[in-house]
Amino acid sequence: MSQPTFSTTSQITITPHNQQPLLTRDYPTEAELDATIAEAFEAQKAWAKVPLEERIRIGWKFIDEFKSLAQSTEPDLALELTLQMGRPISQIKAELDGFLDPLADVPLTDTDKPGFRRFIKRIPLGVGLVIAPWNYPYLTSINAVLSALISGNVVLLKPSPQTPLTAERFASALVSAGVPPGVVRVVHLSPELTRYAVENQNVRFTSSTGSAGEGKKVERQRSTRRETTRTDPQFGNGIQASSEVTFLRNAGTSGKNFKRVCQRVYNMVGN
């Protein structure tokens, strides 16, 4: 797969199909990034005062907004994603459909037993930095971003330089659903600026999905203070003798793009 190209001031996304530049995004300066984070910090104070029921309503409205966006042809989200990261367009629908699956509307119920008063208290942390990968940019962002917003936090969403448009579409649908623009911000950052943002005192938590190596770097930067969530899962595949071959072939290669897949199969057990 082609890699995006970088300068000290911008990034260029290269289309894997033809190795041609697709789009360019400029980086902020450190001062501009500090200002963006400061604005997000102030916006969070008002957002946290919005009643939880209203934030939940906006979350459901966002699902409707994104569904409408995904079904439109202008922009064509499936084609956009294929051009950015190379996955066959026939496999894009699965990610968009999965992204649109409603989150479980099941509360974590408080419980009691004699002599104890046990309860769950949710307190917004503040400004969060969500670092999304290129391989499943919509699926990997939804849980971190939407749950953070509904909890009263604000989000700086940093997409992979290979898939910058995904974060922009995500944020656009959130704003259309009623999220104030300052509550969700897309930030295109170099590795150096990402580390700079992680160290900003007003960034209270980070969520990163991607390689173990990069995730550990973020953890090390933040381990002495504030919250960090890192996701780089591994999965096992089990195959039964009665399994249907065509299904296995399609499932086993799901997400392939230009000889790369999201899931690495370490062990495959059959009978």
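Every number here is computed from the coordinates shown, using simple stated rules; none is lab data. Small disclaimer: the values here were computed from a predicted structure and weren't measured. For neighbour counting, all protein chains shown are included, and Cβ atoms are generated from backbone atoms with ideal geometry for every residue, glycine included.
What does the net charge come to around Pro180 if you take all other residues with beta carbon closer than 14 Å to its beta carbon, with K and R at +1 and D and E at -1? Net local charge, Pro180 excluded: +2. One chain, two ends: Glu30 and Ile12. Fully extended at 0.36 nm per residue, the span grows by 4.5 nm beyond their Cα-Cα distance.
Once divided by 2.2 N^0.38 Å, the Cα radius of gyration of segment 1-74 becomes 1.64. The label-point distance for Ile123 and Ser151, in a model that sets each label 7 Å from Cα toward Cβ, rounds to 1.3 nm. Put a dot 7 Å past the Cα of Gln71, heading toward its Cβ, do the same for Glu39, and the two dots end up 3.4 nm apart. Looking at segment 1-56, the trypsin sites (Lys or Arg not before Pro) that sit in a DSSP loop and have at most 12 other Cβ atoms within 10 Å of their own Cβ are Lys49.
Label separation (Asp64 vs Lys49): 2.7 nm, computed from points 7 Å beyond Cα along the C-beta direction.
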